[in-house]
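Asks: Mind looking over this structure? Questions follow.
The values are calculated or read from the model by the stated rules, or taken from the named source; none is laboratory data. Predicted, not measured: the structure shown is a model, and the values here were computed from it. Every residue, glycine among them, receives a Cβ derived from its backbone with ideal geometry; neighbour counts consider all protein chains shown.
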Amino acid sequence: MDNGMENMLDMYLFETNSLLEQLDEVLLDAESADTFTTDSVNEIFRIMHTIKGSSAMMEFSSLMTIAHRIEDLFFFIRENTIDSIDEEHKKELFNLMFFSTDMLRAEVEKLENNEPLTSNVDSFVEKVNSFLNKISNKTDETETAKKEGENDQKSENCSTELPQDGSGAFLKVTFDEGCGMENLRAFMLVTSIKDIYENLTFYPSDVETNPDTAAVIIEKGFLLGFDTKQTLETALNIVQSSGNVQSYEILMPPQAEQEDNVPAAKENEPVAQNHIDATPAPKVQAPTPNIQPSAPNTNVTHVGANKQSLISVNLSKLDKLMMLMGELVITESMVTSSPELQGLKLDNFTKSARQLRKLTDDLQDTVMSIRMIPVAGAFQKMNRIVRDMSKSLNKNVRLTIIGEDTEVDKTIVDSIGDPIMHMVRNSMDHGIEETVEERIRAGKNPQGEIILSAEHTGSEVIITIQDDGKGADPVKILEKARRNGILTKPESEYSQKEILALLMAPGFSTNEQVTEYSGRGVGMDVVKKNIEKIAGTVTITSELGKGMCTTMKIPLTMAIVDGMEVSVGKSIFTIPISDIKQSFKITPEEIIYDAQGQEIVKRMDNFYPIIRVHRLYNIDTEITNLEDGILVWVGEGDKSYCLFVDELMGEQQVVVKPLPSYLSTYNIKKSGIAGCTILGDGNISIILDIATLHHNTSDYAY
Amino acid sequence: MTEEFNEMDMERSQALNVEIKEEPKKFLTFLSDGLTFAIDATNVGEIITNYSITIVPNVPSFIKGIINLRGQIIPIIDIRERMHKMPLEGTDTSCIIVLDIDSTSIGIFVDAVSHVVDIYESNISAMPPNSSQELVKGMMSLSKEQVILFLDCELLLQ
């Protein structure tokens, strides 16, 4: 039971969160268009309806009340069309809507953190009510009356819209005995049917507001009215799949009695009941064969479009799968490269081993792809931040999003959310000029722009946050850094790159004042830390007066890499294959020495330094002559160099394991070590991090 | 030897703690460079004798490297070097004690493991104030010649 509740809650949270995200999108779209379209009004109405229904089901009263009030509001707007609201009020409406989504979100967050919900939402209800009053005063008084009499009217509707043309059909639903909250269950049913069929009528019609109707439903069942028999058949599917529905009956009022049926809904029932006998095989358990085949088809096209092929899975299961996958890869190489097999000629074994390798590769790709989700989720949230900050800082800024479909590992999406938010806030707060005049004077578009983009490059994903604001002033940065005492060498020795890197030093913030959004001096170094946690790097480029660009490079997967095993003395190191350009032997004639005695080699018309791993890491080895070992040319661009190792041992897929946290106190990351991995024979190999290894070589005594 | 410990403990504790009933705690004692050390047995995960240490570059020399213990990567510290003495050469008796301290696993490389003893914590005296001995939080004398030094596991992690 407990477990069931937990699952329900999970489902509820998942559903509500995605609805709220949808809502945000609709609102932002609507705001940029400056008005609500009929579609968006309906959409909001529907979202609120669902949230209200499911919240009521879970007995989260604050959420239910908030959603209910908004629903009322949009019911009014739907009835009177958006044009009845003037510009002034529209603005207020937008703010009210954003405020209410925030409230809903805050409540949902509380649920997620197991905190008690707000018990009193009166002030919010008050707000909506006063707004509702304001806009309703504008409109016809009869309209207001209509609104107030909503419930009565609905029941009237129920009776008047009933099958006057004689083609109508009824469905009488009975719920499980003692399931409780029948009225809300009935309402949930109505909501889900309304998704596919708008003109649904039902009785009792005030199920959502009047708990007393539960008794009526228990006693007499819940009546659903449809225009045609076809729509009823479509809805049957939903009824069948709903929980707690004990049985239902299809009631077909014959044409002759239509006229008499009209008066009141209450009278409908006995009449309808009379027809049960007249309708052949009305019970669910034995649906007429010609109903069945048509029903699922229509249903799929309506509801299934975006739901049918998706399932939600607990992330911990995926993590487990991923972990097992890693173990499988290790074990596979343990088996196929077992030392006992060495020197044996095993054709069949080799063939099967190759097959196995291919399968594990495929499996691994699939497992990885399961965890891949588009960055859109993290990006879309920025819309809202830009919107809110534009308002409160009184800046006109638009957000351009590029490549939101780029897929990355779920853990990456989760960990880039905060850093991106920090950077966008920074750009909004410090980057974009304070006033439009300032921008015009600088010859820029009065509207500021922040570009958020994501793209894949081979093994990493690159995320950039770019603004066209005033950029970072190196003089000011230096001055600030000096005041904060974070300079480590004379100011004149700092290069542009190093100055910008100061921005990410702990305790640095260029803004003089702490604002609501940024400037506590923790922002940038937190960004750096968070990105480094997922093995990524952050770089800032900036040109004074033109803007600033933050680039985050994050490896796509952190778990499994293709590596080349190399030996140095008794140690084995793994170099990621993606970093290797070439490996080659060298003759003494090819070695060039510079003034410091640094060994250099020429490759493809460029010169590259040779870094002896045994010297760098102080490892005893017999191979110290360059011509006895082998050179591995690694790296990119200005970080390219040749590593001198004893021997290449072969290629292997390895699972990256982090080094024990105890060792990280010794700054092990800085010495070019990315992690370690367990080899097939149970030994450990250290994985080299080519980029930081290069960094490290500046201290390397050649 | 063990019995001797216990008897002595009992006598001492009876003499010192007549009123206070105190449960003895289990400690594992080991030898390192002629000294006897003790660690709280609750911190001891296991003792391994069969290992192959992978050297980690650019770390202080007392970190011997890392080992693979059933898929878990564990750093190994040479207790001798940690105490600024000559490094330990592997011998027949030398082994690794794997400690679990605050859910962190760490291995210490020692000359030899002796045995598990019951010790009343109230019998442990503090270190002399000016002692430059590192990582030790208390000591207790066993006999005229022998002293047990109690290792501070938390300090070991720092």
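Asks: So, in region B:70-93, of the ones that are surrounded by 15 or more Cβ atoms within 10 Å (Cβ to Cβ) and touching a residue at least 40 places away in the same chain (Cβ under 8 Å), which residue ends up nearest to the other protein chains (Cβ to nearest Cβ)?
Replies: Here the answer is B:ILE77.
Asks: Quick check: anything in region A:643-651 within 46 Å of the chain's Cα centre (by Cα), buried (at least 20 other Cβ atoms within 10 Å of the Cβ) and without any contact (Cβ under 8 Å) to a residue 60 or more places away in the chain?
Replies: Checking region A:643-651: at least one residue is within 46 Å of the chain's Cα centre (by Cα), buried (at least 20 other Cβ atoms within 10 Å of the Cβ) and without any contact (Cβ under 8 Å) to a residue 60 or more places away in the chain.
Asks: Would you be able to say whether some residue in region B:53-60 is out of contact with any Cys (no Cβ under 7 Å at 6 or more places or on another chain) and touching a residue at least 24 places away in the same chain (Cβ under 8 Å)?
Replies: Within region B:53-60, not a single residue is out of contact with any Cys (no Cβ under 7 Å at 6 or more places or on another chain) and touching a residue at least 24 places away in the same chain (Cβ under 8 Å).
Asks: Looking at A:ARG425, A:ARG384, A:ARG357, A:ARG371, which one is at pLDDT below 80 and either more than 17 Å from A:GLY547 (Cα to Cα) or surrounded by 15 or more Cβ atoms within 10 Å (Cβ to Cβ) (or both)?
Replies: A:ARG371
Asks: Another question, if that's okay. Pull up region A:664-673, narrow it to residues that are on the phi < 0 side of the Ramachandran plot and assigned to a loop (DSSP other than H, G, I, E, B), then point me to the one that is nearest to the other protein chains (Cβ to nearest Cβ).
Replies: A:TYR666
Asks: On the given criteria, is A:GLU269 within 43 Å of the chain's Cα centre (by Cα), at pLDDT below 80 and acidic (Asp, Glu)?
Replies: No, not satisfied.
Asks: Could you say whether any residue in region A:605-617 is touching a strand residue (DSSP E or B) at 6+ places or on another chain (Cβ under 7 Å), modelled with pLDDT under 85, within 14 Å of another protein chain (Cβ to nearest Cβ) and assigned to a loop (DSSP other than H, G, I, E, B)?
Replies: no
Asks: Condition first: over 20 Å from B:ILE63 (Cβ atoms) and within 12 Å of the chain's Cα centre (by Cα). Now tell me which residues in region B:118-137 satisfy that.
Replies: Within region B:118-137, B:LYS137 is the sole residue that qualifies.
Asks: Could you tell me which residue of region A:381-412 is farthest from A:VAL367 (Cα to Cα), considering only residues that are polar (S, T, N, Q) and in a loop (DSSP other than H, G, I, E, B)?
Replies: The residue in question is A:ASN394.
Asks: Specify the residue that is farthest from the other protein chains (Cβ to nearest Cβ); the eligible residues are those in region B:24-69 that are more than 30 Å from B:ASN123 (Cβ to Cβ) and exposed (fewer than 14 other Cβ atoms within 10 Å of the Cβ).
Replies: Here the answer is B:THR49.
Asks: Would you call A:TYR641 hydroxyl-bearing (Ser, Thr, Tyr) and within 12 Å of chain B (Cβ to nearest Cβ)?
Replies: The answer is no for A:TYR641.
Asks: Is it true that some residue in region A:674-694 is without any contact (Cβ under 8 Å) to a residue 40 or more places away in the chain, within 14 Å of chain B (Cβ to nearest Cβ) and part of a helix (DSSP H, G or I)?
Replies: yes
Asks: Scan region A:88-99 and report the pairs whose first residue is closer than 16 Å to A:ASP72 by Cα and whose second residue is among the basic types (Lys, Arg) and in a helix (DSSP H, G or I), with Cβ atoms within less than 7 Å and a gap of 6+ or a chain change.
Replies: That search, which allows pairs on different chains as well, returns A:LEU96/A:LYS127.
Asks: Looking at the structure I just gave you, is A:SER392 surrounded by fewer than 20 Cβ atoms within 10 Å (Cβ to Cβ) and not acidic (Asp, Glu)?
Replies: Judged against the criteria, A:SER392 is a match.
Asks: Here is a follow-up. Please go through region A:414-454 and pick out each residue that is in contact with a Pro (Cβ under 8 Å, 6 or more places away or on another chain) and aliphatic (A, V, I, L, M).
Replies: Of everything in region A:414-454, those that are in contact with a Pro (Cβ under 8 Å, 6 or more places away or on another chain) and aliphatic (A, V, I, L, M) turn out to be A:VAL436, A:ILE440.
Asks: Please list, ordered by residue number, the strands (runs of 3 or more DSSP E) wholly in region A:545-590 having 1 or more residues that are free of Cβ contacts under 8 Å to residues at least 24 places away in the same chain and surrounded by fewer than 23 Cβ atoms within 10 Å (Cβ to Cβ).
Replies: Output list is empty.
Asks: Right, another one. Are any residues in region A:647-663 farther than 19 Å from B:VAL98 by Cβ and within 14 Å of another protein chain (Cβ to nearest Cβ), and if so, which ones?
Replies: A:VAL654, A:VAL655, A:VAL656
Asks: Another question about this same structure. Mind checking which pairs have a first residue in region A:331-346 that is surrounded by 13 or more Cβ atoms within 10 Å (Cβ to Cβ) and a second that is hydroxyl-bearing (Ser, Thr, Tyr), Cβ under 8 Å, 6 or more apart or different chains?
Replies: Partner pairs satisfying both residue conditions: A:GLU332/A:THR360.
Asks: Next question, about the same structure. Could you please let me know if A:LEU631 is more than 14 Å from chain B (Cβ to nearest Cβ), in a loop (DSSP other than H, G, I, E, B) and crowded, with 18+ Cβ neighbours inside 10 Å?
Replies: No, not satisfied.
Asks: Across region A:449-499, what is the total count of residues that are in a strand (DSSP E or B) and under 30 Å from A:PRO576 (Cα atoms)?
Replies: Selection size over region A:449-499: 12.
Asks: Output the number of the condition that A:LEU344 fails; it satisfies all remaining conditions of (1) within 30 Å of A:ASN683 (Cα to Cα); (2) in a helix (DSSP H, G or I).
Replies: (2)
Asks: Still on this structure, I have one more. Starting from region A:394-413, keep only residues that are in contact (Cβ under 8 Å) with a residue 12 or more places away in the chain and under 20 Å from A:GLN466 (Cβ atoms), then list their pairs with residues that are acidic (Asp, Glu) and exposed (fewer than 15 other Cβ atoms within 10 Å of the Cβ) whose Cβ atoms are within a distance under 7 Å, requiring at least 6 positions of separation or different chains.
Replies: Within 7 Å, the pairs are A:GLY403/A:GLU455; A:THR406/A:GLU455.
One line per residue, one yes/no per condition, for (1) β-branched (Val, Ile, Thr); (2) at pLDDT 80 or above; (3) in contact with a Leu (Cβ under 6 Å, 6 or more places away or on another chain):
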| residue | (1), (2), (3) |
| --- | --- |
| A:ASP72 | no, yes, no |
| A:ARG78 | no, no, no |
| A:GLU92 | no, yes, no |
| A:MET97 | no, yes, yes |
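Asks: Inside region B:94-121, can you point out the residues that are away from chain A (no Cβ under 14 Å) and of a type in the set (Ser, Thr, Tyr)?
Replies: B:SER94, B:SER114, B:TYR120
Asks: Anything in region A:665-695 that is under 28 Å from B:LEU157 (Cβ atoms), modelled with pLDDT under 75 and either surrounded by 17 or more Cβ atoms within 10 Å (Cβ to Cβ) or within 31 Å of the chain's Cα centre (by Cα) (or both)? List them, or say none.
Replies: Listed by number, the residues that qualify are A:ILE668, A:LYS669.
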